[in-house]
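Data first, discussion second: the structure below is written as structure tokens.
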Amino acid sequence: MSEHTIAPGARFVDPAVLARVGNLEFVARSVVDGVINGLHRSPFFGASVDFAEHRGYVPGDDIRRVDWKVFARTDRYFLKEFEADSNANFSVLLDISRSMAFGTRLSKLDYAKTLAACLTYLVHTQRDRVGLVTFDSEVVDFVPPSAKHLDVVLHTIDRAKAERPGQIGPPLKKLAEHFGRRGIVVVISDFYAEPDEIFEAIGPIRFRGNDVILFHVLDPMEIEFSFSDPASFEDLESGDQIPIVPDALAEQYRALVKAHIDALTSRASAQRVDYMLLKTSMPLDHALFQYLSIRDRLTRTR
Amino acid sequence: MTFLTPLFLLGLAAIAVPVLIHLTQRERRTVVEFPSLMFLRKIPYESVKRRRIRDWLLLALRAAALALIVAAFARPFVRGSELSAAGGGAREVVLLVDRSYSMGAGDTWARAQQAARQALQNVSALDRVSLVLFSSTAELVLRSSADVARVLAEVEAARPSAGATRYAPALKLASSLLAESQLPRREAILVSDFQRAGWQADEAFRLPSGSVFTPVLVEPPSAPNLSITPLSLQRVSDQGPERVAVTAGVVNRGAEPANRVSLALEVDGRVVQSATVDVAAQSSASTTFAPIAASGTSMRVVTRLPDDGLAADNAFHALVTPPQALPVMVVGAGGRGDSDLYLLRALAIGDRPRFQATTHQVDALTPEALARARVVVLQDLPMGDAVAARLKTFVEGGGGLVLALGPRASWPANASWLPVTITGSEDRTRGAAAKLSGFDYGHAVFEPFRAPRSGDFSSARIYGYRVMSPTPGGVTLARFDGGTPALVEAVVGKGRVLAWATSLDLSWNDLALKPVYLPFVHQLIRQASGHREQPGWLTVGQAVDVSAGGSGAVVLAPSGQRRTPAEGSSAIELAEPGFYEVRDAREGQPLQVVASNVDLAEADPARVEPAEVSVAVTGQPGRANDPGSAPAIVPDEVQEQAQRIWWYLLFAGILLLIAESWLARRLTPVRH
């Protein structure tokens, strides 16, 4: 628990314990309610009807949107415009490739599924439309965003299994055409691909006006590489094996992982993509707070 | 190398375990599922390879340690001699090394030193070693020392001496050393060529009970060896200056005849004659050189053979002293023509010493005449006071007096210095004649007649004799059959007096007609004169009196070494062949010359079997002298326990394991 900053009011629950509950909706509600109840101020409640700006009337505008109070004071026609994101599309792109099945205490897939459920539930409480895409080397399940798809999304998340090798490029490029309407796209993956390939894959989605948030889920063992006994390491996706003496390789491995994370972080920052590294030992609250803070920033900067 | 518990060696198969594990790992390793090898593939594979080489080093260390430990459990030992395995505990080892001159033949001494080194190989740190070098005498070089290196150094420094082999002193010394030891095991090692000449079985040789005796035979070289024999010096004095005929012999103990052997005669360092002899195998030959003139001083005579395998027995040294006759005054009453006949004829024969007998009347016994005489023989004479006094002075000054008593012999009453008091006469003309008996064969006079058939006095018939009563200083040397003293001796001053109770002619006995008369008379005169024949040579190991050199006498050995007698002694021991010179403190001309020779018995290569020596000293051939001991088979357990090789193996194995641990820690990276 010492890996991250403790957010005020956060209710930290061991993800492994949550994973054992089994009912994703219950878990999501518990986590999300806990997060919401812990907030002193909720700037996002009712955000969908918040005033944004005035602009001058031009012929053809709907006269129902004229602000008559301003006309009374200024004798000019101004239209009143409001934020239109209260009903934004929220989609979770969940990587269910074979590598996500890895985990020492809790598999990355279970963590990712819980995280996806929590995020979906949280967004649904904000009356946004929620959708889900599971993919490995291709799209496995696709639930289009809808205000009524919470149950379908949760059910789809629940039955997702990591069985096949994954590849991030093809499925995301294929999905880009389905994200034509601006929305929020959350990609949950272990990102075992070169940064160029990753950002090339999410580029089309990003260019269509979607806000992309990358949750990089890794097991602590993948970062620390604290194996001790020499063994043959088998790639979960390809099945290839390499004889490894961990003591001799650990330093170099850790350096490579760090370089990979650093590259993802810098590339995400450059492309205005939010990136967050999540260890499966970290409570889900942390990820949710991170999401909310990102949403807050998005709202203010718009 | 054998093992006490060889089944433990099956544990060596455990060495294969790490190897098999390693090989198995290569074929079928533990598989760890990992999400992606994307990063691992980017790491150079050489780092893994290098690590494998280090693993092989550790594997070799572990295998070696395992092998040593398994070997230790198998209890290895060397099944060696009884020396190394006669029992448990520390040993008292007495190393006897023969350094008689026969050990100097060829490379015998070098092989003897090698044998001594090998014998000490099994000596442990707890053992004690005594080193005894022996020839005719035994020298204790080191006593019960734990410093084996020092013992070996002493053996290396030792050289063969000129002495002959005598086992008895060395074995007696070894026996006493072992008897004094408190150590549980006692062993004697005898390194020798085992010449029979020095061997004489004796109970005193017995080593203490439980001791181990190890004979180490050093074979002499097979090269032929000729040895010279003692010289025979025959003095020839017919009508001219005395000459000496030297006869020398050569002994060939080899299996091949030796032809035309050159033999040289040296006098005072110069070769004066040479001769050649043919010596058959296992035989001897001699040659007599032409007589050489005897000079007025001592001559140093050497006979020499050419050098062969053993040089020490190729030369013989002798000293030829100037001719000296012993002046004897025979004083008779005169008138009887044959009274001195037998005596003079007897004294005319003989050269050891030669007697120069002259006859005189009583009135010729003047101080001047007595001064020239060594011995005076009084033939049945009555003595007056004046003559008796002169004779007393003569005797006290070192002269010899022989009294042949007859019916007329009488002495003044105050002549108490005489050995006897004449009390009467015994007439045995009637009845059985008296016989001589009761001889003191231990006395110098009768010692030559000790052996059977060496002189028969019993055949002599004594018809009359004077009854003598020995004075307090008189010693009876022979008696008549009635118990009456027949010959009495007394020492007076520096001289001595011998009183013979009957005559030396035919007047009272027929002894002069018996063969024993001549040697008996010679013995009487020699004894009276105090004559001691100076031998022409001595043997190495004998002591020589050097009192002629005075208190600061210096003895110059043949090798040039200067020696002085030990404190409180006037004798030195001869240690090398050649001529010793005794000089006074000023070291002028030699006052005494002594010829020294090696004991030629040592040249006989006949060997006593080592087993015979073992039996004599332990009761068993080469085994411990323990009456109750089983047959001489040392149990393997005892040998193994004595050697304790397992301890060293185990120690080495543990050291290897420690080294392996250290190396493994060095090779393993530190985790942060």
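With B:E533, B:E587 as the choices, which residue is open to solvent by 50 Å² or more (accessible area, probe 1.4 Å), under 30 Å from B:T229 (Cα atoms) and assigned to a loop (DSSP other than H, G, I, E, B)?
B:E533
Among the residues of region A:260-271, write down those that are among the hydrophobic types (A, V, I, L, M, F, W, C) and either in contact with a strand residue (DSSP E or B) (Cβ under 8 Å, 6 or more places away or on another chain) or open to solvent by 50 Å² or more (accessible area, probe 1.4 Å) (or both).
A:I261, A:L264, A:A268, A:A270
Just give me the residues in region B:252-287 being at negative phi and polar (S, T, N, Q), in sequence order.
Those that are at negative phi and polar (S, T, N, Q): B:N252, B:N259, B:S262, B:Q273, B:S274, B:T276, B:S283, B:S284, B:S286, B:T287.
Take residues that are within 30 Å of B:S596 (Cα to Cα) and open to solvent by 10 Å² or more (accessible area, probe 1.4 Å) and tell me which of the strands (runs of 3 or more DSSP E) falling wholly in region B:152-267 contain 2 or more.
Here the list reads B:232-236, B:243-252, B:258-267.
Please work out which one of (1) closer than 30 Å to B:L319 by Cα; (2) surrounded by 12 or more Cβ atoms within 10 Å (Cβ to Cβ); (3) at pLDDT 85 or above is the condition B:E609 fails and give its number.
(1)
Give the residues of region A:175-199 that are in contact with a strand residue (DSSP E or B) (Cβ under 9 Å, 6 or more places away or on another chain), farther than 19 Å from A:A112 by Cα and either of a type in the set (A, V, I, L, M, F, W, C) or buried (at least 16 other Cβ atoms within 10 Å of the Cβ) (or both), sorted by residue number.
Answer for region A:175-199, where residues must be in contact with a strand residue (DSSP E or B) (Cβ under 9 Å, 6 or more places away or on another chain), farther than 19 Å from A:A112 by Cα and either of a type in the set (A, V, I, L, M, F, W, C) or buried (at least 16 other Cβ atoms within 10 Å of the Cβ) (or both): A:L175, A:H178, A:F179, A:G183.
Can you name the residue in region A:95-124 that is open to solvent by 50 Å² or more (accessible area, probe 1.4 Å) and assigned to a helix (DSSP H, G or I) and, of all such residues, is nearest to A:A193 (Cα to Cα)?
Among those residues, the one meeting the criterion is A:R98.
Go through (1) outside any loop (DSSP other than H, G, I, E, B); (2) at pLDDT below 90 for B:S295 and report which single condition fails.
(1)
Taking A:H149 as meeting all but one of (1) open to solvent by less than 60 Å² (accessible area, probe 1.4 Å); (2) under 17 Å from the mean Cα position of the chain (by Cα), write down the number of the exception.
(2)
Test each condition in (1) surrounded by fewer than 17 Cβ atoms within 10 Å (Cβ to Cβ); (2) farther than 23 Å from A:S281 by Cβ; (3) in contact with a strand residue (DSSP E or B) (Cβ under 9 Å, 6 or more places away or on another chain) for A:D229 and report the one that comes out false.
With respect to (1) surrounded by fewer than 17 Cβ atoms within 10 Å (Cβ to Cβ); (2) farther than 23 Å from A:S281 by Cβ; (3) in contact with a strand residue (DSSP E or B) (Cβ under 9 Å, 6 or more places away or on another chain), A:D229 is out only on (2).
Only one residue in B:S547, B:S559 is within 23 Å of B:A164 (Cα to Cα), surrounded by fewer than 17 Cβ atoms within 10 Å (Cβ to Cβ) and hydroxyl-bearing (S, T, Y), so which one is that?
B:S559
Looking at region A:265-284 only, could you name the residues that are more than 12 Å from A:I213 (Cα to Cα), more than 13 Å from the chain's Cα centre (by Cα) and touching a residue at least 12 places away in the same chain (Cβ under 8 Å)?
Result: A:R267, A:K279, A:T280, A:S281, A:M282, A:P283.
Kindly evaluate B:D308 against the criterion of being under 30 Å from B:T229 (Cβ atoms), touching a strand residue (DSSP E or B) at 6+ places or on another chain (Cβ under 9 Å) and among the acidic types (D, E).
yes
Can you tell which of B:A72, B:A60, B:A64 is away from chain A (no Cβ under 14 Å), buried (at least 19 other Cβ atoms within 10 Å of the Cβ) and at pLDDT 80 or above?
Result of the check over B:A72, B:A60, B:A64: B:A72.
Could you grab me the full set of residues in region B:116-147 that are modelled with pLDDT under 90, open to solvent by 30 Å² or more (accessible area, probe 1.4 Å) and of a type in the set (V, I, T)?
B:T137
Evaluate region A:273-289: report whether one residue or more is basic (K, R), more than 14 Å from chain B (Cβ to nearest Cβ) and surrounded by 16 or more Cβ atoms within 10 Å (Cβ to Cβ).
no
In the set A:I157, A:I168, which member is closer than 18 Å to A:N89 by Cα, β-branched (V, I, T) and surrounded by 18 or more Cβ atoms within 10 Å (Cβ to Cβ)?
A:I157
I'd like to verify a number: residues in region B:572-582 that are farther than 20 Å from B:P160 by Cα and open to solvent by 40 Å² or more (accessible area, probe 1.4 Å), how many?
Result for region B:572-582: 0.
Mind listing whichever residues of region A:232-254 are touching a residue at least 12 places away in the same chain (Cβ under 8 Å), under 28 Å from A:A270 (Cα atoms) and open to solvent by 20 Å² or more (accessible area, probe 1.4 Å)?
Of everything in region A:232-254, just one residue is touching a residue at least 12 places away in the same chain (Cβ under 8 Å), under 28 Å from A:A270 (Cα atoms) and open to solvent by 20 Å² or more (accessible area, probe 1.4 Å), namely A:R254.
From (1) within 30 Å of B:Y517 (Cβ to Cβ); (2) open to solvent by 30 Å² or more (accessible area, probe 1.4 Å); (3) at pLDDT below 90, pick out the condition that doesn't hold for B:A357.
The failed condition is (3).
For A:V257, state whether it is facing another protein chain (nearest Cβ under 7 Å), open to solvent by less than 30 Å² (accessible area, probe 1.4 Å) and in contact with a Phe, Trp or Tyr (Cβ under 9 Å, 6 or more places away or on another chain).
yes
With the requirement that a residue be open to solvent by less than 40 Å² (accessible area, probe 1.4 Å) and more than 15 Å from the chain's Cα centre (by Cα), what does region A:200-220 give you?
Residues satisfying the conditions are A:A201, A:G203, A:G209, A:D219, A:P220.
Suppose we keep only residues that are of a type in the set (A, V, I, L, M, F, W, C) and surrounded by fewer than 17 Cβ atoms within 10 Å (Cβ to Cβ) within region B:370-386. Which one would you say is nearest to B:I525 (Cα to Cα)?
Restricting to residues being of a type in the set (A, V, I, L, M, F, W, C) and surrounded by fewer than 17 Cβ atoms within 10 Å (Cβ to Cβ), the top hit is B:A371.
Taking the residues in region B:612-633 that are open to solvent by 50 Å² or more (accessible area, probe 1.4 Å) and among the aliphatic types (A, V, I, L, M) as candidates, determine which candidate is modelled with the highest pLDDT.
B:V615
Looking at (1) modelled with pLDDT of 80 or more; (2) away from chain A (no Cβ under 12 Å); (3) surrounded by 15 or more Cβ atoms within 10 Å (Cβ to Cβ), which is the only condition B:F34 fails?
Only one criterion in (1) modelled with pLDDT of 80 or more; (2) away from chain A (no Cβ under 12 Å); (3) surrounded by 15 or more Cβ atoms within 10 Å (Cβ to Cβ) is unmet by B:F34, namely (2).
Could you say whether any residue in region B:15-31 is modelled with pLDDT of 75 or more and within 14 Å of chain A (Cβ to nearest Cβ)?
The answer is yes; a qualifying residue exists.
Quick one: how many residues across region B:523-547 are within 23 Å of B:G198 (Cα to Cα) and in contact (Cβ under 8 Å) with a residue 60 or more places away in the chain?
Result for region B:523-547: 4.
Determine, yes or no, whether B:R583 is within 22 Å of B:G269 (Cα to Cα) and of a type in the set (K, R).
Yes, satisfied.
Of everything in region B:463-473, what is within 18 Å of B:D440 (Cβ to Cβ) and crowded, with 21+ Cβ neighbours inside 10 Å? Give them in sequence order.
B:Y465, B:M468
The values are calculated or read from the model by the stated rules, or taken from the named source; none is laboratory data. For clarity, every value in this text was computed on a predicted model and none was experimentally measured. Quick reminder, even Gly has a Cβ in these numbers, built from the backbone with ideal geometry, and neighbours come from all protein chains shown. We work out accessible area using only protein heavy atoms, side chains counted, and drop any ligands, DNA or RNA first. Shrake-Rupley method; radii C 1.70, N 1.55, O 1.52, S 1.80 Å.
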